[in-house]
Amino acid sequence: MNATNNAAGEAFLREVDHLAEQITDRQYEIQPELELKFGESGRIRTKQDTVYSLRFLAESVMMKSPSLFTQYVSWLKILLAGYRVTEEDLRINLSLIKEFIEQTYNETDKELVLEYLQRGMQEIAYAEPIPTYVAENQPYHHYTAMYLESLLSADREAAWSVVVELLEAGTSVKDIYIFIFQRSQLEIGRLWQMGNITVAQEHLCTAATQANISKLYPYWLTNGNNGYKMLAACVGSELHEIGLRMLTDHFEMEGWDTYYLGANVPHEGIIDSIQKYNVDVLALSVTMTFHVHLAKRLIDEVRSNPATKDVSIIVGGLPFNIDQELWKEIGADGYAPDEVHAIELAYSLQSPKAE
Ligand code: B12
């Protein structure tokens, strides 16, 4: 799973499904009580979780970033607790992964894989529930809470009226994005992770917020006028695109000309668009850690193409927030945790445009 030669990692990823099946069968042999506790669907879920664990572990090793896996274990422990899966069940699952890797994995980085896994297992004891994103010390806290409450009760009108009230009070669209939409999205994720809301509620809230973002366009949309162009896209089967969309809108509000391609874009489409729109900056977003190697592959392709090699590449999203050095490992020009820093970074990578 070496980062300079990802072939071993990618070969491992092709085996993940089969390996997860064997690990799940073994876990149910050791813990037959799981069948009674969770029924037939429990086995399917255990296998699915094991697939995720193996993919996060592989990515963590390929990127030489142990925190990607330890943070994942911490996240998983909290998620599983909502489904009545205990710390001990998780520990057994990870020990079985360890056993299978010891027996079947023979690449040169075997020791590193086992070391990262061990660090992840140690993390189980420390993982703590995540505090709320709608805390009282947050700006606009009261409005964020009202907005979120409206969406969780499926009252889209009430949620929109919170936005209208803020606009009428002179709040900037940027602040509405950051403190109302983003905070409530993060909180929805937290509530889903802890098992407090359903997937359907998350989908409803997300769809309503996407609609509200669109409804705000007439309040701010301008023609790009600073001479710079930016292209934004997600890689692989990445479906998380709202964060990137909000970031792109901020660039547009700053006077950049933006080209937003959204989720799940094929590499050729990104490379063609860099040339077609002649952009200065490519902004790549990754949320699911196991897509990071695809971002790296795309960056390699962009750099090796004479027509696109000079574009500045910035990256962001959850794995880059977890490991703030990760952007270097994949060959990007920089990373930023949010839109404000992203715009600063993008400017810093450009030479001034002639008047
Ligand atoms: C909405 C949502 C979805 C939607 C996405 C819809 C859409 N159209 O985007 C759907 C339902 C598709 C989805 C699916 C899944 N999701 Co989801 N999702 C979320 C949720 C609740 C909100 C995302 C969001 O709007 N975030 C708010 C934005 C503002 O934050 P952001 O994306 O990080 O972006 C900011 C910065 O990171 C940065 N940034 C982002 N991109 C870039 C790019 C550049 C260049 C720069 C400089 C900066 C930058 O700027 C942004 C603005 O500040 C998050 C919770 C969370 N914490 O994010 C979970 C979350 C990301 N999802 C999660 C999971 C597990 C999944 C699924 C695996 C669930 C499943 N079992 O199917 C799938 C995976 C799908 C896939 N293959 O991609 C987990 C990930 C956990 C982990 N450890 O990796 C999270 C964290 C939920 C949780 N708390 O458990 N999800």
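The values are calculated or read from the model by the stated rules, or taken from the named source; none is laboratory data. It should be emphasised that the depicted structure is a prediction, and the values quoted were computed from it without experimental measurement. Every residue, glycine as well, gets a Cβ built from its backbone with ideal geometry; the counts of neighbours run over all protein chains shown.
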Of the residues 65, 74, 53, only one is over 18 Å from residue 99 (Cα atoms) and more than 10 Å from the ligand (Cβ to nearest atom); which?
65
Hey, does segment 220-228 have a residue that's within 16 Å of the ligand (Cβ to nearest atom), of a type outside the set (Ser, Thr, Tyr) and surrounded by 13 or more Cβ atoms within 10 Å (Cβ to Cβ)?
no
Please enumerate the residues belonging to segment 77-114 that are within 23 Å of the chain's Cα centre (by Cα), away from the ligand (no atom under 16 Å from the Cβ) and closer than 25 Å to residue 42 by Cβ.
none
Note on segment 175-195: residues of a type outside the set (A, V, I, L, M, F, W, C) and either within 18 Å of the chain's Cα centre (by Cα) or within 11 Å of the ligand (Cβ to nearest atom) (or both) are 177, 182, 183, 184, 185, 187, 189, 190, 193, 195
Among the residues of segment 136-153, the number that are modelled with pLDDT of 95 or more and within 16 Å of the ligand (Cβ to nearest atom) is 7
Checked segment 157-191 for anything in contact with a helix residue (DSSP H, G or I) (Cβ under 9 Å, 6 or more places away or on another chain), assigned to a helix (DSSP H, G or I) and β-branched (Val, Ile, Thr); matches are 162, 163, 173, 176, 178, 180, 188
Any residue in segment 289-304 that is among the aromatic types (Phe, Trp, Tyr), surrounded by fewer than 20 Cβ atoms within 10 Å (Cβ to Cβ) and touching a residue at least 24 places away in the same chain (Cβ under 8 Å)?
no
Residue tally, condition under 16 Å from the mean Cα position of the chain (by Cα) and surrounded by fewer than 14 Cβ atoms within 10 Å (Cβ to Cβ), over segment 326-355:
1
Answer yes or no as to whether residue 207 is free of Cβ contacts under 8 Å to residues at least 40 places away in the same chain, of a type in the set (A, V, I, L, M, F, W, C) and under 19 Å from residue 318 (Cβ atoms).
no
Counting only residues that are free of Cβ contacts under 8 Å to residues at least 60 places away in the same chain and within 13 Å of the ligand (Cβ to nearest atom), segment 319-345 contains a total of 13
Quick test for you: out of 308, 258, 248, pick the one residue that is farther than 30 Å from residue 67 by Cβ and in contact with a Ser or Thr (Cβ under 7 Å, 6 or more places away or on another chain).
258
Which condition breaks for residue 355 when tested against (1) modelled with pLDDT of 95 or more; (2) of a type in the set (Asp, Glu); (3) under 30 Å from residue 220 (Cα atoms)?
(1)
Among the residues of segment 292-318, what is the count of those that are within 13 Å of the ligand (Cβ to nearest atom), under 24 Å from residue 251 (Cα atoms) and in a helix (DSSP H, G or I)?
5
Near pairs, Cβ below 6 angstrom, 6+ apart or cross-chain, from segment 227-240 (touching a residue at least 12 places away in the same chain (Cβ under 8 Å)) to any residue that is part of a strand (DSSP E or B) and more than 7 Å from the ligand (Cβ to nearest atom)
229/257; 230/258; 230/281; 231/259; 231/282; 232/260; 233/261
Answer residue from segment 269-288, given it is of a type outside the set (S, T, N, Q) and under 16 Å from the mean Cα position of the chain (by Cα) and is surrounded by the fewest Cβ atoms within 10 Å (Cβ to Cβ) among those:
288
Scan segment 164-174 and tell me whether some residue there is within 13 Å of the ligand (Cβ to nearest atom) and under 19 Å from the mean Cα position of the chain (by Cα).
no
